[in-house]
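Laboratory data are not the source of any read-out in this text; all were calculated from the coordinates shown. Here the structure is a predicted model, which is why all the values come from computation and not from measurement. Note: ideal-geometry Cβ built from the backbone for every residue, glycine included; neighbour counts use all protein chains shown.
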There are 2 protein chains.
Amino acid sequence: MARYKAGLETRRRILAATRDALAEHGPDGTTLKVICDRAGVQPGSFYNLFPSKEEAILTVVREAIEAVDPHPDGVGVDTPDELVEAYVTFLEHQPLLARVYLQIALTGAVADGHVLGRIRRHRERRVERFTDAIARAEGLTDRSEAERRAVMLLATLDGLAVATFLDPSLDVRKRAAGLLD
Amino acid sequence: MARYKAGLETRRRILAATRDALAEHGPDGTTLKVICDRAGVQPGSFYNLFPSKEEAILTVVREAIEAVDPHPDGVGVDTPDELVEAYVTFLEHQPLLARVYLQIALTGAVADGHVLGRIRRHRERRVERFTDAIARAEGLTDRSEAERRAVMLLATLDGLAVATFLDPSLDVRKRAAGLLD
DNA sequence: GTCTCATTTGAGAATACACTCAAATTTGAG
DNA sequence: CTCAAATTTGAGTGTATTCTCAAATGAGAC
């Protein structure tokens, strides 16, 4: 869609604007006007580069999801501590994107079920990742026990995320610290 | 706002229609038109009884939550088990309403800060309720320790709720069972 | 330099939404 | 029965949204 330098640069600016808008106004407040104003671009230009608003948002969310990952490439190397730490760091650095992630998980879509499927798959991988890390760290042979604990750990982390949105004074890092005992 | 029988009946129909619409179409699909069509009512009639669409939705959610409250009147009588049980029952019986509640908590105000304030207050009361129950059950004199555990318990429950939306096969009741040890 | 195609413009079409209001109708207390 | 007040109507207001398109401008291959 973009062939010349100008087009690629505009695409980059639009994605940055979308990311900022999502963080600042949430998914509902991220309208085409907000994105375009922020990117210094007219709607026609946006639609020359993206087939729909959803597609731009999806791209940003995908990037945000990947940002939670402590070891994007490797598998079977991270520890439970690292995974918890990665989540807490993500919450601290990108609270609004974390909120967007949970919002989309709850609304089940931005529009079509496509996004939901992506989030589901991401969650499955995350549970597996936590399960592996826990099993490895504690030398568990019973994988189902490790999986059970992984689900609970992830649930508590997600729940703490929800709690901080309602009460920003909550110190997630401190609360999460005692979680692995 | 409603004084005569007719008004009360209409109010009841509107709330039922809102509840059905939320369950069937989700919060985004619950437009004024959908509600009014379903209730067999015109917009003007709706606004004679409710100050806003938001208010009708909140009323429905609040009623659903209260419906599973183990001790709606009394204070300081419920046990942690009862409170967890109430949450799980709510999740099982009204999964879509539970989702709406979390969605509203995450989107925050959406429009006015009024709604956010209401949700914050509800959450504070819930934390207090859990704190009291835990302190009572375990004979804790250190209230801050009970509060810490209450926050974590609630977080895990909220997180399990999020998890079931992504993976409906998750047995929340079973997972929540071991939560109080 | 020229010519093609990528890019940008910006007004505006098409639609959807929450909400209003003056007028008509119905209710029920006295 | 009377009449004030509650209720209902439904067309209409205002605003916001996503997305389109014909025309203008810019880039770069040759």
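What do you get for chymotrypsin sites (Phe, Trp or Tyr not before Pro) in the range A:85-181 restricted to DSSP loop and a cutoff of at most 16 other Cβ within 10 Å of the site's Cβ? Intermediate results must be reported in sequence, preceding the final value.
Working: sites: A:87, A:90, A:101, A:130, A:165; in loops: none.
When the chymotrypsin sites (Phe, Trp or Tyr not before Pro) of the range A:85-181 are filtered for loop state and at most 16 Cβ neighbours within 10 Å, nothing remains.
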Along Cα-to-Cβ, 7 Å out, sits the label point; list in nm, shortest first, how far the one on residue A:171 is from those in the other copies.
3.9
So for the range B:91-181, taking the charge dipole from beta-carbon charges (+1 Lys/Arg, -1 Asp/Glu), which of B:141, B:169, B:130 sits furthest toward the positive end?
B:130
Length-normalised contact order of chain B, Cα under 8 Å, at least 6 apart, in percent, tallies to 17
Residue-normalised 222 nm signal for the protein assembly as shown, counting each DSSP H run of n ≥ 4 as -39,500 (n - 2.57), nearest 500 deg cm²/dmol, is -25000 deg cm²/dmol
Taking the Cα centre of the protein assembly as shown as origin, work out the dipole magnitude from +1 charges on Lys and Arg Cβ and -1 charges on Asp and Glu Cβ, in debye rounded to 20.
1400
Which of the helices in chain B, when you take each full DSSP H run, stretch at least 24 Å along the axis at their Cα atoms and have an average Kyte-Doolittle score of -0.5 or higher?
B:143-166
To one decimal in nm, how far is residue B:120 from the same spot in the other copies, if labels go 7 Å from Cα toward Cβ? Please give the shortest first.
3.6
Hydrodynamic radius by Kirkwood, which averages 1/r over all alpha carbon pairs of the range B:57-181, in angstrom:
15.1
Once Lys and Arg get +1 and Asp and Glu get -1 on their Cβ, which of B:96, B:31, B:64 lies farthest toward the positive end of the dipole of the range B:13-148?
B:31
Just the number, please: Stokes-Einstein D of the protein assembly as shown in µm²/s, Kirkwood Rh from C-alpha pairs, 20 °C, 1.002 mPa s.
96
Pop a pseudo-label 7 angstrom from the Cα along the beta-carbon direction at both residue B:9 and residue A:136 and give the gap in nm to one decimal.
6.7
Is the range A:19-100 best put as rounded, prolate or oblate by its Cα gyration tensor, with a ≥ b ≥ c the root eigenvalues, rounded for a/c under 1.5, and otherwise prolate when a/b is larger than b/c, oblate when not?
prolate
Counting Lys and Arg as +1 and Asp and Glu as -1, each charge on the Cβ, what is the dipole of the range A:85-181 about the Cα centre in debye, to the nearest 20?
240
Treating the beta-carbon of each Lys and Arg as +1 and of each Asp and Glu as -1, no other charges, what is the dipole magnitude of the range B:2-116 about its Cα centre, to the nearest 20 debye?
780
